[in-house]
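What follows is a short report on a single structure.
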Amino acid sequence: MTMTPSEAYKRVVQQHDATVLLDIRDPDECAIAKIDGAVCIPLNELKDRLDELAKTAEIICVCHHGVRSAAVAEFLQQNGFPIAKSMEGGIDAWSVQIDTDVPQVYVNYLNPFCESDVLSNTYLQRHTRRRAA
């Protein structure tokens, strides 16, 4: 199941005690663009950190564009978290539709200069567009 950024925003504001915004991006990504109040548990650590999440909470999964978070929401539902959902468009959509102070980050996972799937903080900083105030 998915929800739009505006639906996620309403849930977080209205039911902040019962809703968890779970950012599954890597720490380098979270350091550059983060939604206030989001819990950052990187995808590669999630299986080992499931006990940090309440099975009764509504969990809204967030990634960069909504692809990884959709897979995580499905995984969580299959593992005892029945109210897990994915936010459509990820943090990129959030930064356009909800909070323009959150920078849009352009991530090229196929960059040949990158040693891993996730780009270095330096590369991300060079390729992050901040909006003019």
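For Asn79 and Glu45 in the same chain, what is the full-extension length gain: residue separation times 0.36 nm, less their Cα-Cα distance, in nm?
Length gained, Asn79 through Glu45: 10.7 nm.
Each Cα pair under 8 Å and six or more residues apart adds its sequence gap; the mean of these over the residue count of the stretch 2-99 is a relative contact order of 34 percent. The aspartates and glutamates whose alpha-carbon is closer than 15 Å to the alpha-carbon of Lys85, local same-chain residues fewer than 8 away aside, are Glu7, Asp23, Glu58, Glu74.
Rounded to the nearest 0.05, what FRET efficiency do Ala54 and Gln97 give with R0 = 30 Å and r taken as the Cβ-Cβ distance? Could you check?
Plugging the Cβ-Cβ distance into 1/(1 + (r/R0)^6) gives 0.65.
Charge tally around Gln15: other residues with Cβ under 12 Å, Lys/Arg +1 each, Asp/Glu -1 each, net -1.
Just so you know, all these numbers are worked out from the coordinates, no wet-lab data involved. Note that the coordinates shown come from a computational prediction; the quantities given were computed from them, not determined experimentally. No Cβ is skipped: glycine too gets one built from the backbone with ideal geometry, and neighbour counts run over all protein chains shown.
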